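Below: the structure, in structure tokens.
The values are calculated or read from the model by the stated rules, or taken from the named source; none is laboratory data. Values in this document were obtained by computation on a predicted structure and should not be read as measured data. Neighbour counts run over all protein chains shown; Cβ positions are idealised from the backbone, glycine included.
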Amino acid sequence: VDLRRGRFKRAASDEDLARVIGAGVPGTGMPPFALQPAEISGVLAFIRAGFDPAGTAVKVGDPERGRALFHGKARCATCHSTGGLGPRLAPDLGDVGAARTPGSLQRTLLDPTAAMLPINRPVRIALRDGATIRGRRLNEDTYSVQLITDDERLLSIAKTDVREYEVGKTSPMPSYATSLTPDELSDVIAYLLSLKGLQP
Amino acid sequence: MTKPMQWAALLILLVLASYRLDGQVTFNRLLRAAEEPQNWLTYSGGYSSQRYTLLAQIDPSNVKDLEQKWVLQNQVYGAWQSSPIVVDGVMYVTERPNDVLALDAKTGRVFWIYRYTVSPDQRVCCGANNRGVAILGDTLFMATLDAHLVALDTRTGRPLWNVALGDPKVGYSMTLSPLIIKDKVVVGVGGGEYGIRGFVTAHDARSGKEAWRFYTIPGPGEPGHDTWSGDAWKTGGGSVWVTGSYDPVLNLTYWGVGNPGPDWNPDQRPGDNLYTDSVVALDADTGALKWHYQFTPNDRYDYDSVQVPVLVDMNWRGGPAKLMLWANRNGFFYVLDRVNGRFLSGTPFGKVNWASGFDEAGRPIQTPQPAGAPTWPGNQGATNWYSPSYSPRTELFYVSAWLNYATIYRKEEVSYQPGRNFSGGGFRVLAPNPDAPTIGIGRRGPINNWTDEVGHGAILALDPRTGEQKWKFDQFDVTDSGILTTATDLLFTGGREGYFHALDARTGALLWKASLGGQIVNGPISYQVDGKQYVSVISGNSLVTFALRN
């Protein structure tokens, strides 16, 4: 359990957390706490803000509803795979719940361009031979760049072959600030947090 | 079926349907690997495991113009036994313990790394080794130290499935590169020093689900079980830790089986101990045993038969024959009929004193040495797991050998405890005096103070028809390097000293060498990208790739 990063053994949603706080975990050092509903939501807000009193509490909803949104209305699965399966256009999210906090997921969903990791910026490369390649970088050095192209090929390009090299600043991912309701957003966050990688 | 169950079933179907075995590398491409020598598609370069390339840009006249094109530095410490594969310009290689890297084969720059976390319960006798991945469709397959089989997406390195094959706590492990046959991934398990019961399994490439399992130690009621006494079979060993071969016409897959347990005390396991130290020929669809040949019955020397089976079609005593060539750890070079397993010949390729020859059925006539006397070859063998090569042009078989190397064995009673070493004795290397440093698994360091008095390495060129040695290339230290031969009669190999050699495959003459500085503990490969032929070899912690000067 890593409270600050929002990693829990027995809880996915805020409701689950409230239940664990109220009931404790028998046989462990976690006792039941007799808190009022308002006190519990205060504690939850503090946890979800990453133990930062000045932080923003992130509501974590229902992962099952989030899964449906991911594959449905939010169209996340158009570009992202989860656990290796699916499109490779955008980074795989199969273990995103183990790597990211609720706060960082919410930031990405609300303002993808601001939250975009530099390596994920879309690139457009015009080669000296006239071909144009679009894709996402995987690696880069002084003399070469490695990318996965929009048609999902692994390609290494020597910079001496490049005529124009454009690194996009705008994320191809849309913001969900208005297209999802706050509750739906919390459900998607809950689903993403549930993606912990392949468990054998 | 409830609604959620219906949805779950539909989801599973969709998931299964999305695994494409007709992706980048089809089974047909693997079958015809020889027709695309620009790629190196399997561990041994093709199903017959000849480790021979048709690429001809580098030849004896220009090999001196090879220059280093790029180096990939390993991220971890320890012997690097992996053999890369190359597919359409992308190289896939593993590093310790179970990381997979995808890199640009032209520049060595990395596309992605997959890092696998090995269970803390894993235990292996001889190093956290992995020898590489296999490919089918758009999926890579890796066998792990904690005895899992993992499937990865070739483009992203993300895991698709992960199945457990054996309990690492009792010594099951995997270090080999898998072999793809049709839609199955075939692997075997290590753990022969821990009293495992070895097996070969085939798994559905889409899901990892086990399709068949062949136990290398037959259980009650199975043929061969009567070669064991009492319960000895339960801890009989028979590990399978080097990749097998496949004959698509016979639909047989051939696998070398490791030592019996306990290693050095045959008194605890009277009988021949099938199928340890054997080659087994299995039906590729069912895993059913078609034939076997046992090289070292009731082994007391740790003579694992985990060499790569080399499949060759050539004339044999007057007619065309489907042969299997096998230089064994026990010091004999064998020719077998791979249709039925019949013993055709066995010739020592170094000093051998554990057997004096063969009876008419091809069974070795064993001559165990008295207690305290040396046995040739020694414990690490006259050769071992590293890949030999066969050139259809020279019709010679090439093997890295340890010569003038002997050990003195001792046996001890050992009781089986799950997960504990189950060796039943030990050995010491024959040396000029008791204080002399000797050779073992891996090089001791850059200063050779053990010298060739405790054994040395050599590349031997053997004529399969006669068993005769055509030439020999001596090295001062021993070698664990595999061998690559080419259609231009070049032979590439290395050794513990860190030299990478190009020899004339017809004469053994040294044509070129590079001092790479780290021990070379697996075979070189060759491939071509954008019209240029490359040769890659791993030395120490570096994967070094050469090509002709521009």
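Data table
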| quantity | calculated |
| --- | --- |
| The listed residue being touching a Gly at 6+ places or on another chain (Cβ under 6 Å), of a type in the set (Val, Ile, Thr), surrounded by 16 or more Cβ atoms within 10 Å (Cβ to Cβ) and at pLDDT 95 or above, out of B:Thr347, B:Thr383, B:Thr375, B:Thr394 | B:Thr347 |
| Every residue from region B:277-305 that is among the acidic types (Asp, Glu), under 20 Å from B:Asn384 (Cβ atoms) and out of contact with any helix residue (DSSP H, G or I) (no Cβ under 8 Å at 6 or more places or on another chain) | B:Asp277, B:Asp302, B:Asp304 |
| Selection within region B:420-443 - exposed (fewer than 14 other Cβ atoms within 10 Å of the Cβ) and either in contact with a His (Cβ under 6 Å, 6 or more places away or on another chain) or charged (D, E, K, R) (or both) | B:Asp435 |
| Subset of region A:80-102 [closer than 24 Å to A:Lys9 by Cα, facing chain B (nearest Cβ under 7 Å) and among the charged types (D, E, K, R)] | A:Asp92 |
| Breaking point among (1) more than 22 Å from the chain's Cα centre (by Cα); (2) over 23 Å from B:Leu282 (Cα atoms), for B:Leu145 | (1) |
| In region B:28-67, the residues that are touching a strand residue (DSSP E or B) at 6+ places or on another chain (Cβ under 7 Å) and assigned to a helix (DSSP H, G or I) | B:Leu30, B:Val63, B:Lys64, B:Asp65 |
| Residue in region A:80-90 that is surrounded by fewer than 16 Cβ atoms within 10 Å (Cβ to Cβ) and farther than 30 Å from B:Asn162 by Cβ present | no |
| Scope region A:46-65; condition within 15 Å of A:Ala190 (Cα to Cα) and either modelled with pLDDT under 80 or not in a loop (DSSP other than H, G, I, E, B) (or both); matching residues | A:Ile47, A:Arg48, A:Ala49, A:Ala57, A:Pro63, A:Glu64, A:Arg65 |
| Members of region B:149-176 found to be under 18 Å from B:Tyr92 (Cβ atoms) and either more than 13 Å from chain A (Cβ to nearest Cβ) or in contact with a helix residue (DSSP H, G or I) (Cβ under 9 Å, 6 or more places away or on another chain) (or both), listed by number | B:Met174, B:Thr175, B:Leu176 |
| Selection within region B:363-416 - assigned to a loop (DSSP other than H, G, I, E, B) and closer than 18 Å to B:Gly495 by Cα | B:Gln380, B:Gly381, B:Ala382, B:Thr383, B:Asn384, B:Trp385, B:Tyr386, B:Ser387, B:Pro388, B:Asn404, B:Tyr405 |
| Residue in region B:128-145 that is facing another protein chain (nearest Cβ under 8 Å), modelled with pLDDT of 95 or more and within 21 Å of B:Thr42 (Cα to Cα) present | no |
| Total residues in region B:194-205, condition of a type outside the set (A, V, I, L, M) and surrounded by fewer than 24 Cβ atoms within 10 Å (Cβ to Cβ) | 4 |
| All positions within region B:82-101 that are touching a Gly at 6+ places or on another chain (Cβ under 9 Å), assigned to a loop (DSSP other than H, G, I, E, B) and buried (at least 23 other Cβ atoms within 10 Å of the Cβ) | B:Ser82, B:Ser83, B:Pro84 |
| Unmet requirement for B:Gln417, which otherwise passes all of (1) surrounded by 15 or more Cβ atoms within 10 Å (Cβ to Cβ); (2) among the polar types (S, T, N, Q); (3) within 30 Å of B:Gly191 (Cβ to Cβ) | (1) |
| Filter pass, A:Leu192 being modelled with pLDDT of 95 or more and either within 14 Å of chain B (Cβ to nearest Cβ) or crowded, with 16+ Cβ neighbours inside 10 Å (or both) | yes |
| Residues satisfying the stated conditions in region B:459-495, i.e. surrounded by 18 or more Cβ atoms within 10 Å (Cβ to Cβ) and among the hydroxyl-bearing types (Ser, Thr, Tyr) | B:Thr479, B:Ser481, B:Thr485, B:Thr486, B:Thr488, B:Thr493 |
| Yes/no for A:Leu180 being of a type in the set (A, V, I, L, M), assigned to a loop (DSSP other than H, G, I, E, B), within 14 Å of another protein chain (Cβ to nearest Cβ) and under 16 Å from the mean Cα position of the chain (by Cα) | no |
| Matching strands (runs of 3 or more DSSP E) fully within region B:426-508 where at least 2 residues are within 20 Å of B:Trp385 (Cα to Cα) and touching a Ser or Thr at 6+ places or on another chain (Cβ under 7 Å) | B:456-462, B:483-486, B:490-493, B:499-504 |
| Strands (runs of 3 or more DSSP E) (entirely within region B:157-200) containing at least 2 residues that are out of contact with any Cys (no Cβ under 7 Å at 6 or more places or on another chain), closer than 28 Å to B:Tyr301 by Cβ and touching a residue at least 12 places away in the same chain (Cβ under 8 Å) | B:184-188 |
| Qualifying residue in region B:87-98 (condition: of a type in the set (Ser, Thr, Tyr) and farther than 22 Å from A:Asp95 by Cα) | yes |
| Single residue of region B:206-225 satisfying the filter (more than 21 Å from B:Ile135 (Cα to Cα) and among the small types (Gly, Ala, Ser)) that is surrounded by the fewest Cβ atoms within 10 Å (Cβ to Cβ) | B:Gly221 |
| In region B:102-124, the residues that are more than 9 Å from every other protein chain (Cβ to nearest Cβ), β-branched (Val, Ile, Thr) and in a loop (DSSP other than H, G, I, E, B) | B:Thr117, B:Val118, B:Val124 |
| Sole residue being modelled with pLDDT of 95 or more, within 30 Å of A:Thr82 (Cβ to Cβ) and within 14 Å of another protein chain (Cβ to nearest Cβ), chosen from B:Val71, B:Val25 | B:Val25 |
| Subset of region A:128-168 (residues that are at the interface with chain B (Cβ under 10 Å from one of its Cβ atoms), crowded, with 18+ Cβ neighbours inside 10 Å and of a type in the set (Gly, Ala, Ser)) | A:Ser144, A:Ser156 |
| Given (1) free of Cβ contacts under 8 Å to residues at least 60 places away in the same chain; (2) out of contact with any strand residue (DSSP E or B) (no Cβ under 9 Å at 6 or more places or on another chain), number of the condition A:Tyr176 does not satisfy | (1) |
| So A:Ala68, is it aliphatic (A, V, I, L, M), at pLDDT below 95, outside any loop (DSSP other than H, G, I, E, B) and within 28 Å of B:Arg206 (Cβ to Cβ) | no |
